[in-house]
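In what follows, a single structure is set out as structure tokens and then discussed.
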Amino acid sequence: MSNIYLHINGEQQGPYPIENVRAMMASGELGSDTLAWMEGQADWQPVSLLFGVPVPASPPPVSTGKFRVGSFLSGIGVTLAVIGAILLGLLVVVGAFIGYTAYVGNGLDKSSKDYVDEAIPAIVTNWSQEELTKRESKAFQQAVTDEQLTKLFTLFHRLGALKSYDGCKGEANMNYTPSVGKVITAVYLGRATFDNGEAEIKIGLIQEDGVWKIQAFNVNSPVFMQ
């Protein structure tokens, strides 16, 4: 499997073997939103969504944030009065922009959480593989075969039927790169109790044509170690 590059403290680092990255995530050394890339990926994305998501053969440039505001002041001989007017205008624009992005971000958080809170019970109540496949993203379809998915659900069935779902926590993120444009993703962690024990369900989402789709699906439980 390909090695992984990480974007840490504003610098590209790596490559690291994939197992080293998993260990760094497990120890807390890497946050779930640390940007990562490996051969086959179309662009950098949160490391929590990287595994099993396909795409050009060299790392693309990394976006430096959710949004970028350029510098508006340049040139020589600008009077203090003009500078003051420009700064005032900039503050107004930035204030409006921040308000707009906060509004959009809140909407993305709500819609993604609502999607996960509907999807998890539908999938895990009786461990329906079909309920997952009808929600999967294009990348998920390419990365996971039907045979692999069947083996996973055979394991998940050891938990038994759903008894209670405690909801999920997470957030949506909007990233922009020149090569791909706007990419909207989300990561959520849900908790549930089943006939044979408790489990954490981690879901990664991506928007395709304005619709949320599942890009990653992982279930962790002590039951699997028995």
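Nothing in this text is a laboratory measurement; each read-out follows from the coordinates by a stated rule. Treat the numbers as computed from the prediction; the structure is a model and nothing was measured. Virtual Cβ from ideal backbone geometry, glycine too; neighbours counted across all protein chains shown.
See the values below:
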| quantity | calculated |
| --- | --- |
| From phi via Karplus (6.51, -1.76, 1.60), per-residue ³J(HN,Hα) for segment 133-144 in Hz, x at Gly/Pro | 5, 6, 10, 6, 7, 4, 5, 5, 4, 6, 8, 10 |
| Per residue, the convex hull volume that the Cα atoms of segment 113-225 enclose (Å³) | 101 Å³ |
| Rounded, prolate or oblate (a/c below 1.5 giving rounded, otherwise prolate when a/b exceeds b/c) for segment 100-161 by Cα gyration tensor | oblate |
| Label-reachable residues, segment 157-179, where backbone N falls under 12 Å from a point 7 Å from SER32's Cα toward its Cβ | 168-173 |
| Per-residue HN-Hα couplings for segment 201-208 [Karplus 6.51, -1.76, 1.60; θ = phi - 60°; Hz; x = Gly/Pro] | 10, 9, 10, x, 10, 9, 8, 10 |
| Amide H contacts under 5 Å for ALA172, placed H, 5+ residues apart | ASP109 |
| Segment 4-49 shape via C-alpha gyration tensor axes, a/c threshold 1.5 | rounded |
